[in-house]
1. Grab the beta carbon distance between Asp33 and Glu3, set R0 = 35 Å, and tell me the FRET efficiency rounded to 0.05.
2. List the trypsin sites (Lys or Arg not before Pro) within the stretch 1-78 that fall in a DSSP loop (any state other than H, G, I, E or B) and whose Cβ has at most 14 other Cβ atoms within 10 Å.
3. Given a 1.4 Å probe and heavy atoms of the protein chains only, how would you sort Thr41, Thr66, Thr85, largest accessible area at the top?
4. Report the residues of the stretch 6-36 in range of a label on Glu77: point 7 Å along Cα→C-beta, backbone N strictly under 13 Å from it.
5. Per DSSP helix of 4 or more residues, -39500 (n - 2.57); summed, then divided by the residues of the chain. What does that give at 222 nm, rounded to the nearest 500?
6. Solvent-accessible area per residue for the chain at a 1.4 Å probe radius, Å²?
7. Say each of Lys14 and Thr85 gets a label point 7 Å from the Cα, pointing the same way as Cα to Cβ; how far apart are those two points in nm?
8. Over the chain, what percent of the accessible surface lies on carbon and sulfur atoms, probe 1.4 Å?
Amino acid sequence: VKEGRQRLYEFFEKHDVSYVPSVSNSVMMILPDEQSAIDFTQAMLEEGVILRRINAFGLPNCVRITIGRKKEMAHFERSFEKVMT
């Protein structure tokens, strides 16, 4: 998990994505607004990546990224790049 989390931080920094560092098995990604979070979550779902918005905690523009295995995180990265470009 530590390795995957560090890889995700580096990926986010490379793509200039805001996030909140974590000590758990997930990282909170911060998007500009609620609609961006909704659109991103839906587009990623269409790529086979299941994400959770954190609106229930009063953070409608944030998405929870769970750290997975290397192969799963590589799929996340490819999907992210496809969706965000």
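1. Plugging the Cβ-Cβ distance into 1/(1 + (r/R0)^6) gives 0.65.
2. Here the sparse-neighbourhood loop sites are Arg69.
3. Solvent-accessible surface, decreasing: Thr85, Thr66, Thr41.
4. It comes to 6-15, nothing else.
5. Value at 222 nm, helices only, nearest 500: -15500 deg cm²/dmol.
6. Heavy-atom SASA per residue in the chain reads 64 Å².
7. Roughly 1.1 nm, to one decimal.
8. 52 percent
The values are calculated or read from the model by the stated rules, or taken from the named source; none is laboratory data. Because the structure is a prediction, the values reported are computed rather than measured. No Cβ is skipped: glycine too gets one built from the backbone with ideal geometry, and neighbour counts run over all protein chains shown. Side chains are part of the model used for accessible areas, which takes the heavy atoms of the whole protein and leaves out ligands, DNA and RNA. Shrake-Rupley method; radii C 1.70, N 1.55, O 1.52, S 1.80 Å.
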